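Just below is one structure, and these are the notes that go with it.
The values are calculated or read from the model by the stated rules, or taken from the named source; none is laboratory data. Since the model is a prediction, treat every value here as computed from it, not as a measurement. Neighbour counts are summed over all protein chains in view; Cβ atoms, including those assigned to glycine, are modelled from backbone coordinates with ideal geometry.
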Amino acid sequence: MEGNVTILTVDDEQPILRLLEITLQAQGFKVIATRTGNDALVQAATGRPDLVVLDLGLPDMEGIDVLRRIREWSTVPVVILSARSGEEEIVRCLDAGADDYLVKPFRTAELVARVRAALRHASGPTAASPLSFGRVSVDLAGRKVEKGGEEVHLTAIEYGIFAFLAQNAGRILTHGQILQKIWGPTFVEETQYLRVYIAQLRRKLEEDPANPKLIITETGIGYRLRETAD
């Protein structure tokens, strides 16, 4: 698959661009490298990349503005790669349509894993394909969740949250994204609702709910379903 996948990298630092190129090409990806927001927008439109790795601190415009412009016409996966590590900045980018957010300095193996996860999500699971996460699996067509081969009873809200996480496995989903999806736009600030249901899901699905390995808390931001539970 990788040989047919083109990744657009956008960063104003040439050493970072070179590192990204070496790392991604070593995995078989084709790479288009750009250093400005305007060039990124042109390449996103004309080069038709399968994924964009985007820095926020560009010389001619903010990376989040590049993201918003791309989202006006494209659903191409966008992974933010930035030195900015503040929770508010991360949430802002995810809510603006980023698929993932990785903080510099980064491990190249983690970058490749995040890129592959975003590409898998973009291809989308079919309703007929059960999704497996270690001992836990979910059948989206049958609305059925199993743990160790035995069905687990989930309430409608618990199932809705878990299915949303499963369909976006590997991605960080913000509190607001989950709340809006499950309860609607008037509940986007009600994070306590979400904490209660996440705790219930962990009791039913985790081996050790006090030390979750499946449903991961991204502190101050939201939750992520680990693609392979330990």
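When H175, H153, H121 are checked against the criterion of being at negative phi and touching an Asp or Glu at 6+ places or on another chain (Cβ under 8 Å), H121 stands alone in meeting it. Checking each residue in region 3-44 for being without any contact (Cβ under 8 Å) to a residue 60 or more places away in the chain, β-branched (V, I, T), farther than 16 Å from E62 by Cα and surrounded by 13 or more Cβ atoms within 10 Å (Cβ to Cβ) picks out T6, V31, I32.
Go through region 96-115 and give me each residue that's touching a helix residue (DSSP H, G or I) at 6+ places or on another chain (Cβ under 7 Å), of a type outside the set (G, A, S) and closer than 24 Å to N38 by Cβ.
Listed by number, the residues that qualify are D99, D100, Y101, L102.
When the helices (runs of 4 or more DSSP H) confined to region 144-230 are screened for residues that are touching a Lys or Arg at 6+ places or on another chain (Cβ under 8 Å) and either surrounded by fewer than 18 Cβ atoms within 10 Å (Cβ to Cβ) or not assigned by TED's automatic domain parsing to the domain that holds A113 (or both), those reaching at least 2 such residues are found at 156-167, 191-205.
Results for (1) in contact with an Asp or Glu (Cβ under 9 Å, 6 or more places away or on another chain); (2) surrounded by 18 or more Cβ atoms within 10 Å (Cβ to Cβ); (3) outside the structural domain of G170 (by TED's automatic domain parsing), shown as yes or no for each residue.
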| position | (1), (2), (3) |
| --- | --- |
| L67 | no, yes, yes |
| S74 | no, no, yes |
| E88 | no, no, yes |
| V91 | no, yes, yes |
| Y101 | yes, yes, yes |
| R114 | yes, yes, yes |
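Residue under question is V52, and the condition is that it be part of a strand (DSSP E or B) and touching a residue at least 24 places away in the same chain (Cβ under 8 Å); does it hold? Yes.
Residues in region 134-143 that are out of contact with any Leu (no Cβ under 6 Å at 6 or more places or on another chain) and either of a type outside the set (S, T, Y) or surrounded by fewer than 16 Cβ atoms within 10 Å (Cβ to Cβ) (or both): G134, R135, D139, L140, A141, G142, R143. Can you tell me which residue within region 62-83, out of those that are acidic (D, E) and touching a Gly at 6+ places or on another chain (Cβ under 8 Å), is nearest to I16 (Cα to Cα)? Here the residue is E62. For V112, the criteria (1) modelled with pLDDT of 90 or more; (2) not in a helix (DSSP H, G or I) hold in every case but one, which is (2). The number of residues in region 195-230 being in contact with a Ser or Thr (Cβ under 7 Å, 6 or more places away or on another chain) and in contact (Cβ under 8 Å) with a residue 60 or more places away in the chain comes to 2.
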